[in-house]
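The values are calculated or read from the model by the stated rules, or taken from the named source; none is laboratory data. Here the structure is a predicted model, which means the values were calculated and not measured. Ideal geometry is used to build each Cβ from the backbone, glycine not excepted, and the neighbour counts take in all protein chains shown. To get the accessible areas, we keep the full protein, side chains included, count just its heavy atoms, and leave off ligands, DNA and RNA. Shrake-Rupley method; radii C 1.70, N 1.55, O 1.52, S 1.80 Å.
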Amino acid sequence: MKRVFLVPGFFGFANLGELRYFGHVHRLLVRRFEDAGIEASVHQVRTLPTSSLKRRTQRLLEAVAAASSPGDTIDLVGHSSGGLDARMFASPGARIDSELEPWAQQVRSVLTVATPHLGTPSAEAFATASGKRMLRLISAMTLVVLRQGSIPLTVLLEAGHLFRRVDGLLEDDAPGLVDEVFRGLLDQLDSDRRSEVAAFFAEVGEDQALLPQIAPDAMDAFNVGTGDRPGVRYGCVLTRARRPGLHGVMDAGLRPYAQASNALYVACHRLASGGPEYAPAATALAPFWSDLTPADNDGMVPTASQAWGRVVAAVDADHLDVIGHFAGEDAVPPHYDWIRTGTGYSRSAFEATWNACFEFLVS
């Protein structure tokens, strides 16, 4: 039996009520395997959103062991930091658990999607006390948008004002404002959902060891100690969102909702912009984007940080666009956008991306 495991990143919700992190990806892959007549099972892993890579990989081991049998072939697909979990799981040098190695020997391929193999500056920013508040707010906005399709304008305007002065907020001068907007977001949910989301963030707050581990300097050590397993195929999907600029403001026009969402994107892009340390990797990716710079990113991870193994797809998409969370309210089920980056990733682009991923998994 072929078993494919979808591993979430640090936004980490696999199943939060009816919300599905990999819902759109799961449906596409299941359909492709069925159409191809391939016996396969696609599993969505429940992870610990901001826990250490070791704890997250332990959770992946538990999911694999619960769903697999000796003799199965295992394919790991990790989005964002989930790609690092997948690499650690497959690595011959991983010292996670005595039960890991037999399962790791059954891994056939590792596919990473928008993964910070060289780290991300966002992690350094979000690792501060104020940064953690900002990350919690961004995560809450993501959950509300993906669940309901939008955020009430009054809340989004308040958030947009905060993000326009993100540098000051990261210096911890206004934590109360961030907390106030966060509470306003939770108030948009009914009591059951509000309790569920509050519990989710309580779990996140208990362990945030992941953030310093995916900072650029820390990833140097991770890459030295996490070698590729011989015989396993490694592939990656690269993402780049449209650069912020006057065009984003013009596209948003006079619509307050669009302007506030654009302010969030500008803040996220600024935090994720890489420096000179990414220049060699950016140059190596010139065949995919001739104008790629170290500062280019998908709103969370520098594009130059994402390459590992064979490039399966290089797409213009933001960090959550690529797993199906882009604007497409007319789709069934609907696709809701994370933030409005103006990148233009569409349903046809999504299907092309994941058809390429399917071909990688079965080749």
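The table that follows gives values for the structure above.
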item	result
Answer residue from region 28-52, given it is open to solvent by less than 50 Å² (accessible area, probe 1.4 Å) and hydrophobic (A, V, I, L, M, F, W, C) and is nearest to P334 (Cα to Cα) among those	L28
Hits in region 310-320 - residues which are farther than 13 Å from R243 by Cα and modelled with pLDDT of 95 or more	R310, V311, V312, A313, A314, V315
Residue within region 9-27 that is among the charged types (D, E, K, R) and open to solvent by less than 10 Å² (accessible area, probe 1.4 Å) present	no
Residue tally, condition in contact with a Lys or Arg (Cβ under 8 Å, 6 or more places away or on another chain), at pLDDT below 95 and open to solvent by less than 60 Å² (accessible area, probe 1.4 Å), over region 90-134	2
Yes/no for R55 being open to solvent by 10 Å² or more (accessible area, probe 1.4 Å), closer than 30 Å to A127 by Cα and either within 15 Å of the chain's Cα centre (by Cα) or not small (G, A, S) (or both)	yes
Condition met for A307 (under 16 Å from the mean Cα position of the chain (by Cα), open to solvent by 30 Å² or more (accessible area, probe 1.4 Å), at pLDDT 95 or above and not basic (K, R))	yes
Flag for R87 being buried (at least 22 other Cβ atoms within 10 Å of the Cβ) and of a type in the set (K, R)	yes
